[in-house]
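**Student:** Below is a structure I'd like to ask you about.
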Amino acid sequence: MFNENDIRPKELMKLKEPALEHDKCFLREKMSSFIYCHCPACKSSSSKLWGEKEGFRYVKCSECNTVYMNPRAPEKILKEFYKQSKNYEFWNKYIYPQTDLVRKEKIFRPRVERLIDLCKKYNVLAGTILEIGSGFGTFCETLAQYNFFNRIIAVEPTPDLANTCKNKGIETIESEIESSLPISEGSMDVIVNFEVIEHLADPNTFVSKASRYLKQGGLFICTCPNGESIGAFLLKENAKFVDHEHLNYFNPTSIKKLLKGHQLEVVEISTPGELDVDLLINYFQDHPDMLKENDFLRFMFSNINETKKSHFQSFIQQNNLSSCMWVVARKD
Ligand SMILES: [Zn+2]
C-alpha cells in the first residue's frame with residue numbers, strides 16, 4: 001500500500017495552486033465557445049445535471065450513467081489549453097522529478113506487471129505494443145526492461161515530451177492518434193493508453209482510430225476514472241478526480257458500449273486502485289461536517305485503523321468501486 005502523499009506531496013500540491021488556477025481561468029474565459037454534446041459512450045441526448053464545479057458543468061447520461069462535462073471545450077481550444085498549461089509545466093518541473101522514484105516503483109512497475117499478466121492471460125505473448133500518450137516515456141522505459149515485447153512504440157503529440165521519449169531510446173511517433181500514423185492498419189498486437197480517454201473532446205474518434213491499428217484478436221487496454229466509484233457516489237463533483245481537464249467519466253457498463261461501437265469486445269474490467277479510502281479520509285478530515293451528518297460514514301471513518309482501511313480498500317477493489325478502472329478489450 002502507498003498513500004496519496006507519496007505521489008502528490010502536500011507541500012508541492014499547495015505550491016502548484018496558482019498554476020492550476022491559471023489553467024482553469026484559461027478555460028473559463030473561453031466558455032462562450034464551449035459546445036454541447038451527446039453522451040460520449042451511448043450517444044443519448046438525454047441527461048440530468050450531476051454537478052457543477054468551479055464554473056464547469058457535469059451531467060449524467062439517463063441511459064448509461066456516464067458522467068460528462070457538458071458543454072465542453074472543442075478540440076481546437078483543448079489543444080491550445082494543453083500547449084499553454086502552467087499546471088503541466090509545474091508537474092514536469094517539480095512534481096514528476098521529485099516523485100520519480102516512488103512513481104516508478106509504486107505506479108509504473110505494477111502497471112507494467114499487470115499489463116504483462118493480462119497479455120499472458122489473453123495469449124498475446126510477444127509482438128508489437130503501441131502506447132498512445134506516452135508522456136515522459138516512463139511506462140515504455142519500464143516495459144522495455146522486461147523484454148516481453150519485440151517492439152515498443154510510443155505515440156506522443158507534445159514535442160517536448162516526444163523528445164524526452166526519444167532521448168530515452170524509445171521508438172517514438174510525434175503525433176496524435178487522430179492523425180494518420182506511419183504504421184499499417186491491423187498491425188499492432190496491443191494498444192495501451194493510460195488516463196487519456198477522460199481528457200478527450202471526442203473519445204469515439206480516438207477509439208475508432210486506435211481500433212484500426214489493432215490486429216484481429218489484438219488487445220486494447222486502457223485505464224480511466226470510474227464514474228461509478230465510491231468517490232463519485234459519495235462526494236460527486238467534490239471528488240478529486242472531477243476536474244476541469246476530465247471531460248468523460250465512463251463506468252464499467254458504459255465503457256463496454258463505447259468500445260463495442262468500434263469492434264472492441266470488452267473481456268475484463270477491474271478497478272485495482274489503492275487510494276480510495278485514503279482520499280476519502282483526507283476529504284473527511286477537511287470536511288468533518290459530512291461525518292457528523294451521516295451515521296454510516298461516521299461509523300466507517302472515525303478512528304479508522306490500518307486493518308479496517310485495508311479491508312475496506314479490498315472491498316472497494318473487488319466490487320469495481322475504485323476510481324481507477326482497467327479495461328481490457330479484444331478486437332473482433
Ligand atoms: Zn450514455
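**Student:** Output ³J(HN,Hα) for the range 167-172: one whole-Hz value per residue in order, computed from phi by the Karplus curve 6.51 cos²θ - 1.76 cosθ + 1.60 with θ = phi - 60°, and x for Gly and Pro.
**Tutor:** So the Karplus estimates, Gly and Pro as x, are 5, 8, x, 8, 5, 10 Hz.
**Student:** Mind ordering 88-98, 137-147, 289-299 by average Cβ neighbours within 10 Å, highest first?
**Tutor:** Values: 88-98: 16.1, 137-147: 18.5, 289-299: 12.2.
Going by the mean number of other Cβ atoms within 10 Å, highest first, we get 137-147, 88-98, 289-299.
**Student:** Return the sequence-ordered ³J(HN,Hα) values of the range 121-127 in whole Hz as given by the Karplus equation 6.51 cos²θ - 1.76 cosθ + 1.60 applied to θ = phi - 60°, using x for Gly and Pro.
**Tutor:** Here the 3J(HN,Hα) series is 4, 9, 6, 9, 9, 6, x Hz.
**Student:** Arrange the peptides 14-20, 112-118 so that the one whose residues have, on average, the most other Cβ atoms within 10 Å appears first. Kindly include the intermediate steps, with their values, before the conclusion.
**Tutor:** Numbers: 14-20: 14.1, 112-118: 17.0.
Highest-to-lowest ranking by the protection proxy: 112-118, 14-20.
**Student:** I would also like to ask the following. With r defined as the distance between the Cβ atoms of S62 and N167 and R0 fixed at 35 Å, what FRET efficiency is calculated, to the nearest 0.05? Intermediate values should be presented prior to the final figure.
**Tutor:** Numbers: r = 48 Å, r/R0 = 1.37.
Rounded to the nearest 0.05, the efficiency is 0.15.
**Student:** With the dipole of the chain worked out from charges on the C-beta (+1 for Lys and Arg, -1 for Asp and Glu) around the Cα centre, which of P288, G133, S270 lies farthest toward the positive end?
**Tutor:** Most positive-ward Cα: S270.
**Student:** Here is a further query. Mind checking which lysines have their Cα closer than 26 Å to the Cα of K260? Skip sequence neighbours fewer than 8 apart in that chain.
**Tutor:** Answer for K260, where 26 Å is the Cα cut-off: K43, K48, K60, K120, K121, K209, K215, K331, listed by chain and number.
**Student:** Also: Amide H to amide H under 5 Å from I173: which residues, 5+ apart in sequence or cross-chain, H placed 1.01 Å off N in plane?
**Tutor:** Placed amide hydrogens put A154, V155, E156 under 5 Å from I173.
**Student:** What shape does the range 46-184 have by the C-alpha gyration tensor, where a ≥ b ≥ c are the square roots of the eigenvalues, rounded means a/c under 1.5, and otherwise prolate means a/b greater than b/c and oblate the rest?
**Tutor:** On the way: a/c = 1.75, a/b = 1.46, b/c = 1.20.
Here the range 46-184 falls in the prolate category.
**Student:** If each of N123 and Q84 carries a label point 7 Å out from its Cα toward its Cβ, how far apart are those two points in nm?
**Tutor:** With each label point 7 Å from Cα toward Cβ, the separation is 5.2 nm.
**Student:** Could you tell me, in Å, what Rg and Dmax come out for the Cα atoms of the chain?
**Tutor:** Radius of gyration, then largest Cα-Cα span, for the chain: 19.6, 59 Å.
**Student:** If each DSSP helix of 4+ residues adds -39,500 (n - 2.57) and the sum is divided by the residues in the chain, what number results at 222 nm, nearest 500 deg cm²/dmol?
**Tutor:** On the way: 16 runs with 138 residues, N = 332.
Computed mean residue ellipticity for the chain: -11500 deg cm²/dmol.
**Student:** Which of the three applies to the range 147-295, rounded, prolate or oblate, going by the alpha-carbon gyration tensor with a ≥ b ≥ c and a/c under 1.5 meaning rounded?
**Tutor:** On the way: a/c = 2.45, a/b = 1.84, b/c = 1.33.
Since a/c reaches 1.5 and a/b is larger than b/c, the shape of the range 147-295 is classed as prolate.
**Student:** Over the chain, what is the mean sequence separation of C-alpha contacts under 8 Å (at least six apart), divided by residue count, expressed as relative contact order in percent? Present the calculation step by step, with values, prior to reporting the outcome.
**Tutor:** Details: 556 pairs, mean separation 58.5, N = 332.
For the chain, the relative contact order is 18 percent.
Each value in this text was obtained by applying a stated rule to the coordinates, not by laboratory testing. Bear in mind that the values here come from a model prediction, so they are computed numbers and not experimental data. Glycine gets a Cβ as well: all are built from the backbone with ideal geometry, and neighbour counts include every protein chain shown.
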